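The values are calculated or read from the model by the stated rules, or taken from the named source; none is laboratory data. Just so you know, these numbers come straight off a predicted model, no measurement behind them. Cβ coordinates were reconstructed from backbone atoms using ideal geometry, including for glycine residues, and neighbour counts include every protein chain displayed. Heads up: the accessible areas ignore ligands, DNA and RNA and are worked out on the full protein's heavy atoms, side chains in. Shrake-Rupley method; radii C 1.70, N 1.55, O 1.52, S 1.80 Å.
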Amino acid sequence: MSDVLFSTHAVTKRYGGLTAVSKVSLELHPGELVGLIGPNGAGKTTLFNLITGADTVSEGTVTFRGEDVTELKDYERAGLGMARTFQNIRLWPDMSALDNVQTVYQGPRGNNGFGAILRLPGFKRSERRIRDDSMKLLERMDLAEHADMRSVDLPYGEQRKLEICRALALEPKLLLLDEPAAGMNPTEKTDLMHTVEQLRQEFDLTILVIEHDMKFVMGICERIYVLDHGEEIAHGKPDEIKQDPKVIEAYLGGAE
Amino acid sequence: MTLASFLPLAIELGPQGFWWMNVLFLVAIYSLLGLSLNLINGYARMFSLGHHGFWAMGAYGAAWFTIQFHGHMPGVPLFLMSCVFAMGVAAVGGLLIGLPCLRLRGDYLAIATLGFGEIVRIAIQNSPREALGGSLGLEVPRVIMDVTRKTKADFRVLMVAIGFVLVALTAWAIRNYIRSARGRAMLAVAQDETAAGLLGINPVRSKVLAFVAASAVAGLAGAVYAHYQGIITPLEFNFMEMVKIFLIVVLGGLGSISGCVFAAFLLIFVEQWLAKLPADAGFFKDWWQVEYAAILVLLMIFRPRGIFGPREITDVWRDLKAKWAKKRSAA
Amino acid sequence: MFFDYLMNGLGLGAIFAFIALGYTMVYGIIKLINFAHGEFFMVGAYVGYFCLRDLDIERVGLPQPLPILLDFFVALWAASLVAGLLAVLTERVAYRPVRKAGRIAALLTAVGVSLLLQNIAVQVWGANPRSFPDPRVFHALDDLEGEAQANYYADREFTTTQGETVTEAVLLISQGDVLDATKRASIEDQGFDEVYERVTLSPKSVQYFVILALIGWTPILWFLVKRTRMGKAMRAASEDADAARLMGININLVVALTFFVGAFVAGVGGVAYIATYGKVEPMLGFLPGLKAFVAAVIGGIGSIPGAIIGGLILGVAEAIIPFVLQEVFGWEEAFAWKDAIAFAFLIVVLVVKPTGLLGKPMREKV
């Protein structure tokens, strides 16, 4: 299987006596759009944290683009092309929408400290490129009119979109979306669904998405992994998942 | 070769003039200290209480360098090189304390840096007399120009000019830095470090850069201060100074450059004016230390982000003008 | 020799522990490094000083040494109560308004309050150190006869050239003087019918006293925190203040009580400190306060046993390390560097194990 972009191998996370994630193995191929679902407290966000390096694994390995990244720091993994959004929005609140994107956008070199302080021509050129490219991204997500607004002042739905926009500025290969549709109304959700589909094509992305909204997940994901109590209980095509007795049990059992 | 040979100034200053030059020079020094602390506390939102330590390192670094090379080198290059050396010493100090400590949470970092500042002072106090002068202090040879009764006024005016040139350069450099990729990364780390790390920014590098740069500026302030004073003692660089610098930053507004210079002027002017008053000048002078601490507490309670907040004074002025214009058009 | 240093260290460590308790309790609840805590300690020391000097409890007609013990008992209670009330007042006036403004604003407020209290103390009590008032044993002049067993003094008031009224002890009878009729008459002529002898407390006895006091206080605090309703509320609030509030706990009351208890024990430390070092001054709180914070961090901030252990470790380290450096490694000036050593110790602990010996690890949620 040479065309695996990303995989985890039996990753486990324990906090004291509690096992939050237990021996989960995922595999993503380039260009796939995969869903990660499960009841509340199933360990989905914890798994995202282990993948992105926000938290360290207790056991197991994470592989990205053929490289073992288990020991890498979060920013090193991001540098390899792994970007994420957050379940509870974590934009940089006092920065403008544009600056949120510009900060992540690495752009061409020549934008170092001394060039910046002395305002050298190379710096100015590079700064203009960063600005132009960031504006293009904002336009793509229909956020251009809000470019100069402080991100904390944006409407909720726009903040969610800005988070995706900011993640795209990293020019990632793998995009991890943590409940991107949370708190949106049905129309917004449908729009977002289409946007995510289109972004995958436009930016040549592989996407792993956590989402509670079944319509959303079933509608766009090619494959789905199901977690419950930190363990993978099922995985397969949306139609198979819908009928899997273990999944039904987990969801109904959770509603008890 | 001294500057006096280039600049036949022969300025005349009355006692009032001398006093004002002293105030202005100190305003420049405290502005430099405030601007650099602002970079750490205002923009990078780290909490350092060790800035007086870097200031002291700069002052003693410059003094030591000047003594070593005095007579082997012409005065003006020696002055410049001692300043560069002082910045280097303070920057290395900033790196040494920054690398291990910048992972620490806000208030723990504050206490660790405070401990560092105190260690610097104690180390200078206990240093051998022939190295750093111990508790008696260190005399800095006059290298930039001979300071005699005739040229004393020239010297003061010159130092004030140097001080404000440095303030302007520092303010300009900080402004440019903030509006660059590195600067944005620093602000991002300040506002949400976890998100910054997950989006490809190395938080430690960003913090260490800001910390080292600020230490170097504090070192520069120390160097110029040492050359101006002619004699420096370890007790000048105590924790009270740290609080004073902090008060300037808070008074001026965390993250505001012009506010910082304005606050430095306000505080130094009041302090020096009170020092000039006779000993029995009454309550305002006697209780100044108390009033000063009370101002700090009241500020924190009512305006924790500074009088004008992070806005520049020009912004405040613009807003006020807009408000007046609106009132006038309404009337 | 080594044992002496160890005892010095334990005595000092017990004082650190008394101060560190307040730091750790307050930090545990509102995550504030209460910089002014050292000043509560200082004010406690002054109150103790004035009680010992001016209340004249030694005159109570009981057999010795009961009056002296009573004297200290009253001084300790007064010091603790005033320090505790000052802490409650400070919390109400200065800290509560900034509690929501973030930790940095709160810490800076605490630095400001610390400076404020220091400078008020300078204005009210003067910047000069005052020496510790030795306990006195009073004797009516008529009760004394024959050869004097000790030096006898009396207090006299006089006016300085600046117009201030100063009280000064005058030596009336030196040890070994024979108290004959002429001597007696000359003393009576000066207007004294009563003299006193001074009881000098040996540093060692003070150290034993402090260590015993710490041993006595530990179970009381343990009981307070583990067994009483208030203690349970304190612990709940330090785990999760919002949840505690929702469960009907009055957070403001809990915080106020925490400040009170913390400063109360710091007052004990204050009296012990001036008895050990023989003087009281307005700046007295700064360095011991900082070091007590170091002690709290070493023990694990938020943990009460941690504060006690941390205090003792720091006290012993501060006494023993320079001693070892001097005696074993021949570094003559080691004692001049003891404060620097304490701060270096702090930085190392913060960097290597910021949760301390008994502290709980903290994580951030993504």
- Out of the residues in region A:27-38 that are open to solvent by less than 20 Å² (accessible area, probe 1.4 Å) and more than 27 Å from residue B:202 (Cβ to Cβ), which is farthest from the chain's Cα centre (by Cα)? A:38
- Message: Show me the helices (runs of 4 or more DSSP H) entirely contained within region B:33-146 in which 3 or more residues are within 14 Å of another protein chain (Cβ to nearest Cβ) and surrounded by 19 or more Cβ atoms within 10 Å (Cβ to Cβ).
- Response: B:51-69, B:75-101, B:106-125
- Item | Members of region C:318-335 that are in contact (Cβ under 8 Å) with a residue 24 or more places away in the chain and surrounded by fewer than 20 Cβ atoms within 10 Å (Cβ to Cβ) | C:320
- Message: Given the criterion in contact (Cβ under 8 Å) with a residue 40 or more places away in the chain and over 18 Å from residue B:214 (Cα atoms), identify the matching residue among B:68, B:125.
- Response: B:125
- Does residue A:208 qualify as being within 30 Å of residue A:250 (Cβ to Cβ) and of a type outside the set (Lys, Arg)? yes
- Query: From the list C:255, C:178, C:199, which residue is of a type outside the set (Lys, Arg), surrounded by 18 or more Cβ atoms within 10 Å (Cβ to Cβ) and on the phi < 0 side of the Ramachandran plot?
  - Reply: C:255
- Message: Considering only residues that are open to solvent by 70 Å² or more (accessible area, probe 1.4 Å) and either in contact with a strand residue (DSSP E or B) (Cβ under 8 Å, 6 or more places away or on another chain) or in contact (Cβ under 8 Å) with a residue 40 or more places away in the chain (or both), which ones fall in region A:157-196?
- Response: A:171, A:173
- Looking at residue C:71, is it on the phi < 0 side of the Ramachandran plot, more than 14 Å from the chain's Cα centre (by Cα) and open to solvent by 10 Å² or more (accessible area, probe 1.4 Å)? no
- Message: I need the helices (runs of 4 or more DSSP H) fully contained in region B:175-288, keeping only those with at least 1 residues that are open to solvent by 30 Å² or more (accessible area, probe 1.4 Å) and closer than 26 Å to residue C:101 by Cβ.
- Response: B:181-191, B:193-198, B:239-252, B:257-276
- Item | Top-ranked residue of region A:62-80 - restricted to ones that are open to solvent by 70 Å² or more (accessible area, probe 1.4 Å) and acidic (Asp, Glu), ranked as nearest to the other protein chains (Cβ to nearest Cβ) | A:76
- Note on the structure: Within region C:74-96, the count of residues that are among the aromatic types (Phe, Trp, Tyr) and either exposed (fewer than 14 other Cβ atoms within 10 Å of the Cβ) or free of Cβ contacts under 8 Å to residues at least 12 places away in the same chain (or both) comes to 1
- Query: With (1) more than 14 Å from chain B (Cβ to nearest Cβ); (2) of a type in the set (Lys, Arg); (3) without any contact (Cβ under 8 Å) to a residue 40 or more places away in the chain as the list, and residue C:338 as the residue in question, which single condition is left unmet?
  - Reply: (1)
- Item | The lone exception for residue C:31 - which of (1) open to solvent by less than 20 Å² (accessible area, probe 1.4 Å); (2) within 30 Å of residue C:233 (Cα to Cα) it fails | (1)
- Query: What are the residue pairs meeting all of these: first residue in region C:116-142, first residue more than 23 Å from residue C:58 (Cβ to Cβ), second residue open to solvent by 60 Å² or more (accessible area, probe 1.4 Å) and among the aliphatic types (A, V, I, L, M), Cβ atoms under 7 Å, and 6 or more apart or on different chains?
  - Reply: C:118/C:283
- Residues of region C:323-340 being more than 15 Å from residue B:123 (Cα to Cα) and under 26 Å from the mean Cα position of the chain (by Cα), in sequence order, are C:323
- Message: So, residue C:102, is that one over 22 Å from the mean Cα position of the chain (by Cα) and open to solvent by 60 Å² or more (accessible area, probe 1.4 Å) or not?
- Response: no
- Could you please tell me which pairs satisfy a Cβ distance under 7 Å, a separation of 6+ or placement on different chains, a first residue in region C:244-261 that is under 10 Å from residue C:234 (Cβ atoms), and a second residue that is acidic (Asp, Glu) and open to solvent by less than 10 Å² (accessible area, probe 1.4 Å)? C:255/C:91
- Which members of region A:81-94 meet the condition of being open to solvent by 10 Å² or more (accessible area, probe 1.4 Å) and in contact (Cβ under 8 Å) with a residue 40 or more places away in the chain? A:87, A:89, A:90, A:91, A:93, A:94
- Quickly run through region A:23-60 and pick out the residues that are of a type in the set (Ser, Thr, Tyr) and at pLDDT below 90. none
- Hey, any hits in region A:56-64 for a residue that's touching a Leu at 6+ places or on another chain (Cβ under 7 Å), on the phi > 0 side of the Ramachandran plot and in a loop (DSSP other than H, G, I, E, B)? no
- Message: Exactly one condition in (1) over 23 Å from residue C:24 (Cα atoms); (2) open to solvent by 30 Å² or more (accessible area, probe 1.4 Å); (3) within 13 Å of chain B (Cβ to nearest Cβ) is false for residue C:282; which is it?
- Response: (2)
- Message: Of the residues C:113, C:137, only one is facing chain B (nearest Cβ under 8 Å) and at negative phi; which?
- Response: C:113
- Query: If you check every pair at least six apart or on different chains, which have Cβ atoms under 6 Å apart with a residue in region C:153-179 that is in a loop (DSSP other than H, G, I, E, B) first and a residue that is among the small types (Gly, Ala, Ser) and open to solvent by less than 80 Å² (accessible area, probe 1.4 Å) second?
  - Reply: C:175/C:148; C:175/C:150; C:177/C:148
- How many residues of region A:47-61 are buried (at least 21 other Cβ atoms within 10 Å of the Cβ) and within 14 Å of chain B (Cβ to nearest Cβ)? The answer is 8
- Message: Please verify whether residue C:305 is open to solvent by 20 Å² or more (accessible area, probe 1.4 Å), more than 13 Å from every other protein chain (Cβ to nearest Cβ) and touching a residue at least 40 places away in the same chain (Cβ under 8 Å), treating the condition exactly as stated.
- Response: yes
- Among (1) without any contact (Cβ under 8 Å) to a residue 60 or more places away in the chain; (2) open to solvent by less than 50 Å² (accessible area, probe 1.4 Å); (3) more than 16 Å from the chain's Cα centre (by Cα); (4) at the interface with chain B (Cβ under 7 Å from one of its Cβ atoms), the one test that residue A:102 misses: (1)
- Query: Just to be sure, is residue B:188 free of Cβ contacts under 8 Å to residues at least 40 places away in the same chain, at the interface with chain A (Cβ under 9 Å from one of its Cβ atoms) and either among the acidic types (Asp, Glu) or closer than 28 Å to residue A:93 by Cβ (or both)?
  - Reply: yes
